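The values are calculated or read from the model by the stated rules, or taken from the named source; none is laboratory data. None of the values given here were measured: they were computed from a predicted structure. All Cβ positions, glycine included, derive from the backbone under ideal geometry; neighbour counts span all protein chains shown. The accessibility values were calculated without ligands, DNA or RNA, using every heavy atom of the protein model including side chains. Shrake-Rupley method; radii C 1.70, N 1.55, O 1.52, S 1.80 Å.
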Amino acid sequence: METITDMLQSEFVTLHAKFKTVSIIHLKDLQTELSTWQRDGLITKKFYEQNYGQFLFHPPETLQNAHSIIIIGIPQKITPVEFFYNGKRYQTILPPTYIFSEIRTACKEILSKVLGKNGHSVDRAILPLKLLAVKSGLGKYGKNNLCYVEGMGSFTRLEAFYTDYEFPIDDWSEKKIMDSCKNCSLCQNTCPTHCIPSERILIHADQCLTYFNENEGDFPSWVPAQSHNAIIGCLHCQNICPQNKKYLEFTRKTLTFTEEEISVILRKTPREHIPQTLAKKLVDFNINEDYLQLQRNLSVLMKE
Ligand code: SF4
Ligand code: SF4
């Protein structure tokens, strides 16, 4: 007889996705691990609050009798970005994992279809996804602290959901680092802010370019001007990684910003006054929440 896991497997294949299932008894372990990072000084209190403060280590009100968490990895592509300003064309990228809305919806539809048919419910889990993916065996850490899933490299969008179905298998396991990292330090040597240490898996996340360009404020003066490489985020350590080689050539359709749209962004025009075409692009590419950071990020890209 076909099990629920078999049915999910056949559905997720259509997205080229992989998944694992863990019991909700491990929510406490996830929370404890993050707190330990802060307690032991591996991440700062400020970084913890900014980046981990939104996690909810309990099922939502709508699913109080949740038993399992499904963690899914879906392959993602780089989005080329072109923009025009003062008659000049600039090219950059949007890293793979920023675009999530369609994927999240597709995952929820599959889960609701399969689990709903069997009388079960599903709701999104707002959890530390990289850690959950590595602890479930879905992926392994790279030295750059990213989660690598077989067949996708680090170009993997992670999503997680609770369900009141109790999966027969609890995939919870020890964290693993890729074997290929043992004799490799390409990401370390390439990182423009030198935030990938040798002695631990956790990077110095509060010195990562992504941390600076996703948040408000000026870039620290010690960040090299030529290190900026994306409209948001940073791909240096993933581009150089041999484990991603196969996936670099796959790209999505180019995201283009016209000269007029760039002027609107550079003027930090209040969101309610931006043209509809620009507003739609920001929403479609899931960078709407980063709108105010784009002015600074584009400015540094144009200076290179
Ligand atoms: S570049 Fe090398 S060390 Fe870094 S994540 Fe990739 S394989 Fe590991
Ligand atoms: S994302 Fe960029 S800044 Fe952050 S660790 Fe990788 S190379 Fe370094």
Stretchable slack from GLU82 to LEU266, in nm (0.36 nm times residue separation minus alpha-carbon distance): 64.7 nm
Heavy-atom accessible area per residue - the chain, 1.4 Å, Å²: 51
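Which order do LYS268, LYS117 take by accessible area at a 1.4 Å probe, largest first?
The residues order as LYS117, LYS268, largest area first.
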Scattering profile of the stretch 4-303 at q = 0.10 Å⁻¹ [log10 I(q)/I(0), Debye over alpha-carbon scatterers]: -0.60
Net lengthening on full extension, TRP222/THR44 (0.36 nm per residue, minus Cα-Cα): 62.1 nm
Solvent accessible area, Å² - SER154, 1.4 Å probe, full protein context: 10
Inter-part distance where the stretch 24-70 and the stretch 225-283 are each reduced to a Cα centre, Å: 30
Helical segments meeting 15 Å axial Cα length and Kyte-Doolittle -1.0 threshold in the chain (DSSP H): 101-117, 291-303
Distance violations [Cα-Cα > 27 Å] among LYS108/LYS140; LYS18/LYS280; LYS108/LYS268; LYS117/LYS253; LYS20/LYS253: LYS18/LYS280; LYS108/LYS268; LYS117/LYS253; LYS20/LYS253
Of all accessible heavy-atom area on the chain, the percent that carbon and sulfur account for (1.4 Å): 51
Separation of alpha-carbon centers, the stretch 127-167 and the stretch 82-97, rounded to whole Å: 30
log₁₀ of I(q)/I(0) at q = 0.12, 0.17 Å⁻¹ - the stretch 111-256, Debye sum with one point per alpha carbon: -0.62, -1.07
Accessible surface ranking that places the most exposed of LYS280, LYS108 first, with a 1.4 angstrom probe: LYS280, LYS108
Full-extension gain in nm, THR62 to LEU202, via 0.36 nm per residue minus C-alpha separation: 47.0 nm
Label point at GLU174 placed 7 Å out along Cα→Cβ; residues across the stretch 186-210 whose backbone nitrogen lies under 20 Å: 199-202
Dimensions in Å of the stretch 39-173 - Rg and Dmax from alpha carbons: 17.8, 60
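Counting each DSSP H run of 4 or more residues in the chain as -39500 (n - 2.57), what helix-only mean residue ellipticity at 222 nm follows after dividing by all residues, to the nearest 500 deg cm²/dmol?
-9000 deg cm²/dmol
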FRET efficiency, 1/(1 + (r/R0)^6) with R0 22 Å, evaluated for GLN9 and PHE250 via beta carbons: 0.40
